[in-house]
């Protein structure tokens, strides 16, 4: 594809966050216009909705513009694509949140079960909120014991054993119980687990042997007191021949209906391509539920499913445009980019080869997914790959809320907790004494607690001075690269009703807002080295571009009318902005862009359009 098309980096919208940039990539509008500035959007005073809700972007999307031009589109697992506002197009899971246990199409998030006494717990940030929660990564279950009271037992060359697992529904506290039957099929001890609804071999829904996935099962589950058909499969991670130790991994339990528009599309896609798995990530690997291979296998299943749906909808349903969101590489960046880039102070060359192999294998999976679409594309079809943003290894960690507390701008109520983790909730703020604050969400903008007038102006002046002169004494740098009043925030693409009173951007190497991953700042304080290094993106300058890591997004495109082997010269012509992608797509499709689109067409990607120029010395 690279040989037959054009490859470019894109300048991402600020802040460099997932919901912000997927909104830009569907609207062609800048952040201030589409309004998805953070992980929640305030649609009315005190009313905030998830930024992955289709009501969050305050701008028309590309599928709306295409429908107006008489063309049909399909969006799969795309952030904020439902409700979509379309009548004749298609949407498959229009939520597309990358966070673990975040979707409304889920009965239960993935889980592992073990008979071992050694069970760890992990701290997990629910991406997009300031709430930290502790979750048991592997669920303990009763030790295997002789199977008693069973009917219709299958053949086994060892006396069958039994245990039990419980699947707790996301809503309502409903418990779905399954019985495990462990048998020996080859005369070499125990090697197979059957998952049954009752103590009856005829109620089996799945069967798995060590290292292999079971077939998918679609079965009714109880959730919030109601029955819901859902998809599930299992992988036996460990089973000792003597039956002493068992570890069983279970996929996310995902709705088998109700996740598409129109509704009947779900059954059609499942019949052709198998069940839909909404969440596939590195969480099973990082939490200890499963190994890297298992997590990658789930991501590949999801990606191949997307590719097959793309080909089917374009060929069989008359769609002119397909777009999906597949999050594998962002997960991997957060976990291991710091292990392969020497700019990270926590870089260990002894771990680099292993981590780089994880990236290599993930990109091989991505290549297989892309190959399904590329090989099916005809001479009239363009194929593109978008990355909403990149990432950069952690170097220094900054706690903006602690800084505001320490400087006396934010005052907390007695007993308030969380400030050391940058988790000051608005309910814990003493509003009578507070002069400036951040909202609950990850933030890059500060609100002034005063009405416009002299008092407001004085707080603004003091706040800007404090931000601009804040020094990280440990390294002799200023963490804040830019601090602007709202009237000047246009420079960072910020305006509108979601924009705070003072906007700031971290300097290169500084990051905040992911304390569940780096645990804290060594020695305390508002800025310093993290206890655990990782890699992130967010409210920092979006122009970091080094040998290995980059904050920039990606735009690859190949097909009829697209230049071959072309890459824009960034030094002479600047970057393609994320807002330019939608207008470029619409131009190729021969339609007007969405109503609020503000980007421009990247003409230089198209054959017959040259940006080369020479200055006239005369």
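The values are calculated or read from the model by the stated rules, or taken from the named source; none is laboratory data. Just so it is clear, the model here is predicted, and its values are computed rather than measured. When we count neighbours, we look across all protein chains shown, and the Cβ atoms used for this are built from the backbone with ideal geometry, even at glycine.
If I filter region 510-528 for residues that are under 21 Å from residue 10 (Cβ atoms) and surrounded by 19 or more Cβ atoms within 10 Å (Cβ to Cβ), do I get at least one hit? Within region 510-528, one or more residues are under 21 Å from residue 10 (Cβ atoms) and surrounded by 19 or more Cβ atoms within 10 Å (Cβ to Cβ). Which residues, counting only those in region 255-269, are surrounded by 20 or more Cβ atoms within 10 Å (Cβ to Cβ) and either free of Cβ contacts under 8 Å to residues at least 60 places away in the same chain or assigned to a helix (DSSP H, G or I) (or both)? Hits for region 255-269 are 256, 266, 269. Identify the single condition in (1) free of Cβ contacts under 8 Å to residues at least 60 places away in the same chain; (2) crowded, with 21+ Cβ neighbours inside 10 Å that residue 67 does not satisfy, given that it satisfies every other one. It is condition (2) that residue 67 fails. In region 289-303, how many residues are out of contact with any helix residue (DSSP H, G or I) (no Cβ under 8 Å at 6 or more places or on another chain) and within 17 Å of residue 99 (Cα to Cα)? Selection size over region 289-303: 1.
For residue 440, indicate whether it is farther than 26 Å from residue 543 by Cα and in a helix (DSSP H, G or I). Considered against the rule, which asks whether it is farther than 26 Å from residue 543 by Cα and in a helix (DSSP H, G or I), residue 440 comes out as no. Checking residue 349 against (1) in contact with a helix residue (DSSP H, G or I) (Cβ under 9 Å, 6 or more places away or on another chain); (2) surrounded by fewer than 19 Cβ atoms within 10 Å (Cβ to Cβ): exactly one of these is not met. Which one? Failing condition for residue 349: (1). When residues in region 303-329 are screened for being crowded, with 19+ Cβ neighbours inside 10 Å, touching a residue at least 60 places away in the same chain (Cβ under 8 Å) and either part of a helix (DSSP H, G or I) or in the same structural domain as residue 518 (by TED's automatic domain parsing) (or both), 7 of them pass. Looking only at residues in region 87-104 that are more than 16 Å from the chain's Cα centre (by Cα) and surrounded by 21 or more Cβ atoms within 10 Å (Cβ to Cβ), which one is farthest from residue 64 (Cα to Cα)? Checking each candidate, the answer is 92. Taken over region 374-399, the criterion of being under 18 Å from residue 548 (Cα atoms) and either out of contact with any strand residue (DSSP E or B) (no Cβ under 9 Å at 6 or more places or on another chain) or assigned to a strand (DSSP E or B) (or both) is satisfied by 387, 391, 392, 393. Residues considered: 227, 244. Of these, the only one that is surrounded by fewer than 20 Cβ atoms within 10 Å (Cβ to Cβ), out of contact with any helix residue (DSSP H, G or I) (no Cβ under 8 Å at 6 or more places or on another chain) and more than 13 Å from residue 107 (Cβ to Cβ) is 244. Contact map, region 464-488: residues that are free of Cβ contacts under 8 Å to residues at least 12 places away in the same chain paired with residues that are part of a helix (DSSP H, G or I), Cβ distance under 8 Å, separation 6+ or inter-chain. No pairs are found.
If the condition is being at pLDDT below 95 and surrounded by 15 or more Cβ atoms within 10 Å (Cβ to Cβ), then region 185-203 contributes only 185. What do you reckon, is residue 491 within 23 Å of residue 14 (Cα to Cα), in contact with a strand residue (DSSP E or B) (Cβ under 7 Å, 6 or more places away or on another chain) and not in a helix (DSSP H, G or I)? So residue 491 does not fit the description; no.
Here's the yes/no breakdown for (1) in contact with a strand residue (DSSP E or B) (Cβ under 9 Å, 6 or more places away or on another chain); (2) closer than 22 Å to residue 61 by Cα:
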| site | (1), (2) |
| --- | --- |
| 558 | yes, no |
| 585 | yes, yes |
| 600 | yes, yes |
| 608 | no, no |
| 617 | no, no |
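Note on region 442-459: residues that are under 26 Å from residue 528 (Cα atoms) and crowded, with 19+ Cβ neighbours inside 10 Å total 5.
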